[in-house]
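*Asks:* I'd like to ask you about the structure that follows.
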Amino acid sequence: MSKKYKVYLSLILSVFLVLAIGAIVFYESFLSIEDYKVPAQKEVYALTEGAGARKVADDLLGEHFYMPVVYLYLKRHPELLALKKGDYLIDGTKTLPQILKDMVDGNIAEKVYPTVAVIEGSTFESLLNKFKESGLKDDDFYKEIADPKAYMTDLFKDRQDLLEAIGGAHDSFEGLLMPATYFMLEKEPFLNVLRQSMMKMASYMAKAWPNRDKDLWLKNPYEALILASIVERETLVDDERAHVAAVFYNRLKKA
């Protein structure tokens, strides 16, 4: 065997060896797509209109895979290509095929909003402190509530029956918020809580005030709300509320 022939043979074997190794690596990469957990993202992944599976793959696997392998995988899986736009959670627990399946099914991430609790007997100032502690912003909130009476008049302008149910517009928000837990939404988080809690209280009073004991020495719905708020503030024990309410009621009656 000539020296020249040996060189050619060695070169051919080297090429075959490189191709074989490449094929093995390519095949292993192809298979690993179904095992590799996509790293968690700090924010939800926003899939826009017209963005396809290749764009998603580039964004999520671009730094970890030889992308032609991924593109070939996608070509062989057409069931993963018809994606629905939306915000998707990438939490580090799913592979690319699983994420794409979520996008095909439209399994968008549920937005988790912070909440705030209006506690029975709590003051309006305590609610304001909770708003401040939340770290959220509502630029128009403090301007809107600067004049409580004007705010209430505007809030109930299309529902005069509800405004009358709380005894009209007042100079304070005390006693006018329905105890409950409310979501602080992205847009106007504080104003939305105030609107919801006042609307709920007004709706409650619209039903409760007409059915009150007519012998009670209470002139209007607002007096009832303030008395209830005071009683709730004085005791957290249900069994004691009737006694506390009687004490304050008798004082009002004498006044």
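Each reported figure results from applying straightforward, stated rules to the coordinates on display, with no laboratory input. Since the structure is predicted, the reported quantities are computational estimates derived from the model, not experimental observations. Glycine also receives a Cβ, built like all others from the backbone with ideal geometry; neighbour counts cover every protein chain displayed.
*Asks:* Note down the nm distance, to one decimal, between modelled labels 7 Å out along Cα→Cβ at residue 137 and at residue 77.
*Replies:* Simple spin-label model gives 4.1 nm for this pair.
*Asks:* Can you pull out the GluC sites (Glu not before Pro) in segment 81-144 whose DSSP state is coil and whose Cβ has at most 10 other Cβ atoms within 10 Å?
*Replies:* Those satisfying the criteria are 110.
*Asks:* Can you pull out the trypsin sites (Lys or Arg not before Pro) in segment 53-95 whose DSSP state is coil and whose Cβ has at most 15 other Cβ atoms within 10 Å?
*Replies:* Taking segment 53-95 and a limit of 15 other Cβ atoms within 10 Å, the loop trypsin sites (Lys or Arg not before Pro) found are 76, 84, 85.
*Asks:* Work from the charge dipole of segment 63-196 (Cβ charges, +1 for Lys and Arg, -1 for Asp and Glu, about the Cα centre) and give the residue of 122, 100, 196 farthest towards its positive end.
*Replies:* The one lying farthest along the dipole's positive direction is 100.
*Asks:* Could you please report the charge total around residue 105, scoring K, R as +1 and D, E as -1 over all other residues with beta-carbon less than 12 angstrom from its beta-carbon?
*Replies:* For residues surrounding residue 105, the net value is 0.
*Asks:* With the cut-off at 1.5 for a/c, could you classify segment 120-195 from its C-alpha gyration tensor as rounded, prolate or oblate?
*Replies:* prolate
*Asks:* Rounded, prolate or oblate: pick one for segment 68-173, where a ≥ b ≥ c are the square roots of the eigenvalues of its C-alpha gyration tensor, a/c under 1.5 means rounded, and failing that, prolate if a/b is larger than b/c, else oblate.
*Replies:* It is prolate, given that a/c is not under 1.5 and a/b is the larger ratio.
*Asks:* Another question, if that's okay. Could you quote the convex hull projected area for segment 35-74, Cα atoms only and averaged over all directions, in nm²?
*Replies:* 3.2 nm²
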